[in-house]
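To keep things clear, I will list the structure first and then write my remarks on it.
The values are calculated or read from the model by the stated rules, or taken from the named source; none is laboratory data. Quick caveat: nothing in here was measured; it's all calculated off a predicted structure. With ideal geometry, Cβ positions are generated from the backbone for all residues, glycine too; neighbour counts draw on all protein chains shown.
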Amino acid sequence: MPAGIIGPTMFDFTLQLQDAITDEADMDAIYARCKDATIATQGDITLVHFDRDADTLDQAVRSAIADINAAGFRVARVEMDVDSLLPQSV
């Protein structure tokens, strides 16, 4: 990559879905669109953790939300650790 040009960065964050999912077909629908996601459901809460490559945090989060919406689900909130605000180069 030429000097001065910054490439994609990996951002670490979690999306909480509005509704819990436990059905394997629903999980497969998310995994089909989100190869960089890990799904965890406990009780009535489903969290989808991402390690997403993007040029900015905003792009990473917005694209993940769009993928979740396209899979048929809605996001209730975005969670991230303060340390995850510091991007890690890919």
* Considering each residue of the stretch 58-77, count those that are within 12 Å of the chain's Cα centre (by Cα), of a type outside the set (D, E) and assigned to a helix (DSSP H, G or I), and give that number. => 10
* Structure fact -> Of the residues in the stretch 31-45 that are farther than 12 Å from I68 by Cα and over 11 Å from the mean Cα position of the chain (by Cα), the one that is surrounded by the fewest Cβ atoms within 10 Å (Cβ to Cβ) is G43
* Contacts under 6 angstrom Cβ, first residue in the stretch 36-50 being without any contact (Cβ under 8 Å) to a residue 24 or more places away in the chain, partner in a strand (DSSP E or B) and surrounded by 12 or more Cβ atoms within 10 Å (Cβ to Cβ), 6 or more apart -> D36/F50; D36/D51; D36/R52; T38/H49; I39/V48; A40/L47
* Filter the stretch 1-30 for residues that are surrounded by 15 or more Cβ atoms within 10 Å (Cβ to Cβ) and hydroxyl-bearing (S, T, Y); which is modelled with the lowest pLDDT? -> T9
* Structure fact -> If we ask which residues in the stretch 63-90 are of a type in the set (D, E) and either at pLDDT below 75 or within 13 Å of Y31 (Cα to Cα) (or both), their number turns out to be 2
